[in-house]
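Since the structure comes first, as structure tokens, the remarks are kept for the end.
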Amino acid sequence: MRKESSSSAYQGSVLSKHFDKPDLVLSDTSGQPFDLRKQTAGHATLLFFGYTSCPDVCPTTMGDIGVAMAKLPADEQKKIDVVFVSTDPVRDTPKVLRTWLDSMGKGFIGLTGDLAKVKAAARPLGVVVQDPVVNADGTVSSAHGAQVLAFLPQDDKAHLLWLGSSTVETYAHDLALLAKGVPA
């Protein structure tokens, strides 16, 4: 799936197979239907599947993306859509999702809804999403992939991938290139 490319200006992994943006319609944080393909068409789009009560990878990944986005000039920030799709839609109501995302980045798009739709959208991207599990202590765990995919505006296909270990510096470097429309 990934190829090592010394010719790429990006620090994230350049994908050898370009994935289509999922055909996914869920509720956004205002409770309105959001069509991922239609409403992000022609924009660089970062897509991440996770949940707000995640104890580790979700807040660090989204926080790192938020810090990196804040380093961009405002006009470049507007060229990138950051979309977080909940893997725990029972607990991640639109209000909960909006509050959590606002702590990461005010312009981030949050989607929640039918878990079967979420799983079906994630599967062709190679992102694993499992049903949430209520633990003995009452906490909820939702096993999910830790990768962030970047869909380029030229063809609305995923060309880049970052893993949970990616740093703010890597995101800052790559998001600046994405905003400028640099091909992968």
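Only the coordinates and a few stated rules stand behind these numbers; no lab work does. Worth saying up front: this structure is predicted, and the values here are computed from it rather than measured. Here Cβ is always computed from backbone atoms with ideal geometry, including for glycine, and neighbour counts include all displayed protein chains.
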(message) Output wanted: per-residue J couplings in Hz (rounded whole) for region 140-149, from phi through Karplus 6.51 cos²θ - 1.76 cosθ + 1.60, θ = phi - 60°, x for Gly and Pro.
(response) 10, 10, 10, 5, 7, x, 9, 8, 10, 9
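Over the Cα atoms of region 59-166, Rg to Rh with Kirkwood Rh, two decimal places? Could you put the intermediate results ahead of the total?
On the way: Rg = 14.6 Å, Rh = 15.1 Å.
Ratio of gyration radius to Kirkwood radius: 0.97.
List the trypsin sites (Lys or Arg not before Pro) within region 80-144 that DSSP assigns to loop and that have no more than 13 neighbouring Cβ atoms inside 10 Å. Please list the in-between numbers first.
Values: sites: 91, 95, 98, 106, 117, 119; in loops: 91, 106.
Here the sparse-neighbourhood loop sites are 106.
Stick to Cα atoms and the Kirkwood definition of Rh, then tell me Rg/Rh for the chain.
Values: Rg = 15.4 Å, Rh = 16.3 Å.
Here Rg/Rh amounts to 0.94.
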(message) Which of rounded, prolate or oblate describes region 134-184 when judged by the alpha-carbon gyration tensor and an a/c cut-off of 1.5?
(response) prolate
(request) For region 23-97, just the Cα atoms, rotate onto the principal axes and tell me the three extents in Å, largest first. (result) 35, 30, 19
(request) Take the alpha-carbon centre of region 11-50, take the same for region 122-178, and report the distance between them in whole Å. (result) 11
(request) For residue 20 paired with residue 155, estimate the spin-label separation in nm (one decimal), with each label point 7 Å from Cα along the Cα-to-Cβ line. (result) 1.4
(message) Students often forget the sequence filter, so: which aspartates and glutamates lie under 16 Å Cα-Cα from residue 79 once same-chain residues fewer than 8 apart are removed?
(response) 155, 156, 174
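Report, in debye and to the nearest 20, how large the dipole of the chain comes out about its Cα centre when Lys and Arg carry +1 and Asp and Glu carry -1 on their Cβ.
Once rounded to the nearest 20, the dipole reads 320 debye.
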(message) I need the calculated FRET efficiency for the pair residue 128 and residue 7, taking r as the beta carbon distance and R₀ as 35 Å, to the nearest 0.05.
(response) 0.70
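Using only alpha carbons, build the gyration tensor for region 93-138 and give me the equivalent ellipsoid semi-axes, biggest first, whole Å.
Values: eigenvalues 91, 63, 19 Å².
The equivalent ellipsoid of region 93-138 has semi-axes of 21, 18, 10 Å.
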